Amino acid sequence: MRRWGLRYKGEKARREHLIGEKIFSMAEAVPGKKYRIIKIDSGCRLNSRLCAMGFIPGEVFYVSGASRGGPLCVLVKGTKFAIGRGMAERIQIREI
């Protein structure tokens, strides 16, 4: 489907600023490192829930612990949260 207007540059132009940066899901995060949230790919309910907890794009967080198949322990704005793997799969991050 074609989009109208002079400002539309396509999907390739939107991703140009991300070249060279490794972006992955929060479920792949390693404990002991700091990350920045890039994007949240989820529905309305999960988006509002994560925003209420402080998980907004651009926010820096620290992964304090993670088990192989269980939840991630994450420190955001001085508060520790346990995020399930299903939620963590929908949050796109990059390492700082």
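The values are calculated or read from the model by the stated rules, or taken from the named source; none is laboratory data. Keep in mind that this is a model prediction, so the values were computed, not measured. For neighbour counting, all protein chains shown are included, and Cβ atoms are generated from backbone atoms with ideal geometry for every residue, glycine included.
Go through the residues of the range 8-16 one by one and say whether even a single one is assigned to a loop (DSSP other than H, G, I, E, B), at pLDDT 90 or above, out of contact with any Cys (no Cβ under 6 Å at 6 or more places or on another chain) and more than 16 Å from TYR62 (Cβ to Cβ). Checked against the condition, which is being assigned to a loop (DSSP other than H, G, I, E, B), at pLDDT 90 or above, out of contact with any Cys (no Cβ under 6 Å at 6 or more places or on another chain) and more than 16 Å from TYR62 (Cβ to Cβ), the range 8-16 yields no hits at all. If we keep just the residues of the range 21-35 that are out of contact with any helix residue (DSSP H, G or I) (no Cβ under 9 Å at 6 or more places or on another chain) and part of a loop (DSSP other than H, G, I, E, B), which is farthest from CYS73 (Cα to Cα)? Out of the qualifying residues, it is GLU21.
In the range 39-80, the qualifying residues are those that are hydroxyl-bearing (Ser, Thr, Tyr) and either surrounded by 12 or more Cβ atoms within 10 Å (Cβ to Cβ) or part of a helix (DSSP H, G or I) (or both), and the one that is farthest from the chain's Cα centre (by Cα) is SER64.
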